[in-house]
Amino acid sequence: MNQAIFIMGVSGSGKSTLGKSLAKELTFPFFDGDDFHPEINVAKMSSGKALDDDDRQGWLETLNELAKKQLKTNSCVIVCSALKQKYRDILSQNISGETKWVHLSGTFEQIYERITNRSDHFMPSELLKSQFDILEKPKRAIQIDICLRPEQIIKKIKNELMITSEFGLFGLGVMGKSLCRNLANNGFKISMFNRHVDDFEVDIAKNFKAQYPELSEAKAFDDISRFVNSLQQPRRIMLMVNAGKTIDYVIEDLLPHLSKNDIIIDGGNSNYKKTKERYDYLKTKGIHFIGSGVSGGEEGALKGPSIMPSGDKDAYDNAASFLETISAKDKNGLPCCTYVGPEGSGQFIKMVHNGIEYVEMQLLAEVSTILEALGQYPDDIANTLETWQDSANSYLIEITTAIFRKKEGNDWLVKKILDKAGNKGTGNWTTIASAELGVPSTLISSALFSRYISFYKDERLQLNKSFETINNSELDIEIDEVLKAYQFARIINHYQGFKLIAEASNKFEWNLNLSEIARIWTNGCIIRSTLMEELVEVFKNTTNILTNQQLIDVVSQYRPAAKKVVSQCVLNDITVPALGEAIQFLNGITTKYASANVIQAQRDYFGAHTYQRLDDNSGKSYHSNWE
């Protein structure tokens, strides 16, 4: 693949000299960006005035066109100051995958001395400070210290450009493979690793590379040492292996081959507490650690997932260009990837994401059961869900619509699937975290326990024979009321999920931005929806969506339908735990005087746990002799 190699840095850093030498060494055409300045720019700088962004716009576009023209037939070396990121964006427009950056850096004093001693350039040394003032160091570039000898610099650039990979992916399961293809499709030079196990996992990486043309430039390994040594330093290695002890085993296998300041990114569904432990442990080894949630499934990982990194901010900045480039983009074209916060906060919000996902899936399962009880066949259910997309669209409602259309032979496939739902632990972790933080995430636990109940298939069949159920009653429900109940429960679900994130942020001092979290969940992830897009704006003014007047009005409008739907389902023995819990929770959270006074009295009676009184605001505790 042809490459446009841009040598950048402030004036006087040696761009032209090194660029010419590098181009000669690589036998590539060389172009000095200064030669393409219009006369008006040259005159302005010669008079001692700095160029502004408007002055540079046309010049940068000219260099971009030059690079695109060269890339049609060959690689090239172009030197250009490119001091701001937006300048580099213009230079690499439509060729970002074929663009490589080399940043020549030195101190102001070093470069001022150089520029003062030269007499063959139109820019006076007095303008050097203005260049340092606007310099934005690139996140993705080969960093070169100008103190090195020219031959050392050329060797370093050649090694990093032509030999080493920019990013490593460890673990080629479904998600790992999709992320590799995503990285390659975006022009990144990658190394891929999968373990070798005789007669079980043999040549996984090599065979995977051969399967897809976009991986032709990728390097495939089943030897850890060779894999690590194939990467540019500081190395960026993303782990896509099973959560738990496997992560720790992999870290220990990698450590002997790593160097100080290398970066490990855990992209699996790890427990947020373990992420903090690993962060602290690797810090003692001089290794940076990022815990990153990744949502989107196989398709999302390939086309653009939602990515939730946390931990070492400096390390994230070093890896940001890779993660942000491969992520999904929101409606404004911004990456659905952001630095979430410290410690394991990224893994925490991915855990809560999955808890919200559990509920969203359970609600659609309950809705389909109600629609079936109303006499709808799978095709009818699909048609109904499709009409709901105008007012309640989400990724999950889209795929559930497709599920109810799918046939196998003359029957619908969904009717042939065993009714036992599995889980991989994140719903369990979310429920535990809710209990530990004292947050009533009741819908998440309800959805989790519904999966547990489903797993007792044999017992359900046995008990079904022992207890009479109503099977043929007609529900007094309109389809529109089912939609309103569904929308009502979804708002309660998102309230609870973000409430859990907010409480964790407060307790652990993470300072999480709920609006930004909602934004990166608007595309790429499993729970993306129009509701999530609305919450981006809501969270700019509150951390509690039930204090937003528009949502208060919507919940109040849908509440009667939700109560009716749940009541009818209870009367007709239709199981709707998540819909029912949404009503019960709102009842509880809006009850002015709850029944907890009775519980406090009971606790004081048998355990002398004391209680406080309504007629005493001092906070004093009381104990009574109840006999």
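No value in this document is a laboratory result; all are computed from the given coordinates. These numbers come from a predicted model, not from an experiment. Virtual Cβ from ideal backbone geometry, glycine too; neighbours counted across all protein chains shown.
Hey, can you list the DSSP H helices of the chain whose Cα span along the axis is 24 Å or longer and whose average Kyte-Doolittle score is at least 0.0? The answer, listed by residue number, is 345-373, 549-571.
Here the gap between S454 and N383, fully extended at 0.36 nm per residue and compared with their Cα-Cα distance, gives a gain of 22.9 nm. Counting only aspartates and glutamates at least 8 places from K592 when in the same chain, those with an alpha carbon closer than 17 Å to its own are D615. In the chain, taking the dipole from charged Cβ atoms about the Cα centre, the farthest positive-side position among F30, S368, Q110 is held by Q110. Beta bridges per DSSP, both residues in the stretch 164-342: antiparallel share near 30 percent.
Work out the length of the dipole vector of the chain about its Cα centre, built from +1 on the beta-carbon of each Lys and Arg and -1 on the beta-carbon of each Asp and Glu, and round it to the nearest 20 debye.
Details: 71 positive and 80 negative charges, 300 e Å.
About 1440 debye.
Positive end of the dipole of the stretch 350-589 (Cβ unit charges, origin at the Cα centre): among Q487, V538, G422, the Cα lying farthest that way belongs to G422. Calculated mean residue ellipticity at 222 nm for the chain: -16500 deg cm²/dmol, from DSSP H runs with n ≥ 4 weighted as -39500 (n - 2.57), summed, divided by the residue count and rounded to 500. What you get for the stretch 4-161, charging only the Cβ of Lys and Arg (+1) and of Asp and Glu (-1), is a dipole of about 600 debye around the Cα centre. Here are a few candidate values for Rg and Dmax of the Cα atoms in Å: (i) 29.9, 102; (ii) 34.8, 126; (iii) 24.6, 82. Which one was actually calculated from the structure I just gave you? Read-out taken from this structure: (i).
Distance between the 7 Å Cα→Cβ label points at K206 and N617: 7.8 nm. Taking a ≥ b ≥ c as the square roots of the Cα gyration tensor eigenvalues, with a/c under 1.5 meaning rounded and otherwise prolate when a/b beats b/c, else oblate, which class fits the stretch 4-161? In terms of gyration-tensor shape, oblate. Fully extending the segment from K283 to S130 would add 51.4 nm, taking 0.36 nm per residue of separation and subtracting the current Cα-Cα distance.
Any chance you could run the full-extension gain for D52 through K415? It's 0.36 nm times the residue separation minus the Cα-Cα distance, nm to one decimal. Don't skip to the answer; put the middle values down first.
Numbers: separation 363, 0.36 × 363 = 130.68 nm, distance 6.57 nm.
Net length gain for the segment: 124.1 nm.
For I142, the amide hydrogen comes within under 5 Å of the amide hydrogens of W101, V102, H103, counting only partners 5 or more places away or on other chains and with H modelled in the peptide plane. Residues of the stretch 19-53 falling in the label zone of K72, defined by backbone nitrogen less than 19 Å from a point 7 Å along Cα to beta-carbon, are 29-31. Rounded to the nearest 5, the antiparallel percentage of DSSP beta bridges internal to the chain is 25%. Modelled spin labels at D314 and N506, positioned 7 Å past Cα toward Cβ, are 3.3 nm from each other.
In this structure, the amide hydrogen of I290, modeled 1.01 Å from its nitrogen in the peptide plane, lies closer than 5 angstrom to those of I264, I265, D266, counting only residues at least 5 positions away or on a different chain.
For the ranges 167-174, 187-194, what's the packing order if you count other beta-carbon atoms within 10 Å of each residue, average per peptide, and put the highest first?
Working: 167-174: 22.9, 187-194: 24.6.
Going by the mean number of other Cβ atoms within 10 Å, highest first, we get 187-194, 167-174.
Mind checking which of G346, L254, G171 is farthest towards the positive end of the chain's charge dipole, using Cβ charges of +1 (Lys, Arg) and -1 (Asp, Glu) about the Cα centre? Farthest towards the positive pole: L254. When the C-alpha to C-alpha distance is required to be over 23 Å, the pairs from K260/K313; K15/K156; K68/K100; K350/K564; K86/K329 that qualify are K350/K564. The stretch 222-294 and the stretch 477-500 have Cα centres separated by 40 Å.
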